[in-house]
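Values quoted throughout were computed directly from the atomic coordinates according to the rules given, and no laboratory measurement underlies them. Here the structure is a predicted model, which means the values were calculated and not measured. Here the Cβ positions follow ideal geometry from the backbone for every residue, glycine too, while neighbour counts run over all protein chains shown.
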Amino acid sequence: MGIGPEGHRSRLRERFERSGLQGFHDHEVLELLLTFAIPRRDVKPLARELMGKFSTLAAVFDAPLKHLKEVDGIGGTASVLIGLIPRLLERYQQDRWTHTEVFASTSEALTYLASLFGAARNEVFYLLALNSRNALIAAEHIQQGTVNRAAVFPRQVVEAALKHRATAVILAHNHPGGDARPSSADRQLTRKLKKVLNDLDIAVHDHIIIAGPNSSFSFAEHGELE
């Protein structure tokens with residue numbers, strides 16, 4: 001006699017209680033999640049269909065809700081729960097770091113920024129406002145653009161820095177295409193912002209480009225802020 005849906009659900013939850021997600025296949029992660037949204041149904045075929053449609057676990061979590069609902073059996077509750085996961089992680093990371101972080105190095109800033117940008121599919125520009133101890137005052141969203149461009153005006157950056165009474169800032173944006181190397185426009189904007197902010201006695205510690213979990217570019221580390 002095989003194990004029914006309820007027995008399979010219980011086994012998934014017991015595995016998670018013992019060792020977290022260690023040893024879980026991607027489709028099993030989705031199965032476990034779907035058990036909380038879809039009661040009294042075998043969700044294993046749904047999890048496998050999601051993986052077949054979107055190919056990777058990350059792509060499932062990043063998918064628009066309307067595309068998730070195209071999978072037969074994934075209704076409003078399940079699609080919202082799936083879409084909530086990356087947004088919840090971003091909020092958790094932002095809250096955790098905002099209350100504790102003092103940036104003493106580029107690597108520490110990178111760790112925070114990776115959580116800030118999360119799974120953004122378009123270019124986003126942020127200003128990290130810091131106090132005299134390099135502690136984070138606020139992460140100000142300056143602009144969001146297309147998949148390969150975000151138009152940023154120096155006035156927006158200056159207004160954000162002054163609003164938070166920052167004594168120093170870290171500029172940051174992402175390259176969703178995966179190439180962290182700065183463009184000529186990135187370099188021109190950095191030089192302009194550094195001059196304007198320095199004239200206001202606000203130091204620019206770095207401009208960091210994030211292009212993925214293991215791809216980034218620091219203007220400071222490459223000597224381009226001198």
Exercise for the section: Could you check the simple spin-label distance between residue 21 and residue 192, using points 7 Å along Cα→Cβ, in nm with one decimal? Expected result: 4.1
Completion exercise
Ignoring trypsin sites (Lys or Arg not before Pro) buried by more than 16 other Cβ within 10 Å or outside DSSP loops, the longest site-free run in the chain is 166-226
Completion exercise
residue 90 and residue 114 label points (each 7 Å along its Cα→Cβ direction) are spaced in nm at 1.8
Problem - Crossing angle, helix 154-163 versus the chain [Cα axis fit, 0-90 degrees, rounded to tens] - result: 80
Exercise for the section: Please determine, in degrees from 0 to 90 and to the nearest 10, the orientation of helix 44-54 with respect to the longest principal axis defined by the Cα atoms of the chain, where the helix direction is its Cα long axis. Expected result: 40
Exercise for the section: Let me have the relative contact order for the chain, percent, based on Cα pairs under 8 Å that are six or more residues apart. Expected result: 13
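Can you sort 111, 106 from fewest to most other Cβ atoms within 10 Å of each residue's own Cβ?
111, 106
Given the rule -39500 (n - 2.57) for each run of at least 4 DSSP H residues, summed and divided by the residues of the chain, what is its mean residue ellipticity at 222 nm, to the nearest 500 deg cm²/dmol?
Details: 9 runs with 106 residues, N = 226.
Theoretical 222 nm ellipticity from helices: -14500 deg cm²/dmol.
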Exercise for the section: Determine the relative contact order of segment 140-226: mean sequence separation of Cα pairs under 8 Å and six or more apart, normalised by residue count, in whole percent. Expected result: 30
Fill in the blank from the handout: Checking segment 1-95 for GluC sites (Glu not before Pro) in a loop per DSSP with at most 15 other beta-carbon atoms within 10 Å yields 70
Exercise for the section: Enumerate lysine pairs in the chain that are 8 or more residues apart or on different chains, then count those whose Cα atoms are under 23 Å apart. Expected result: 8
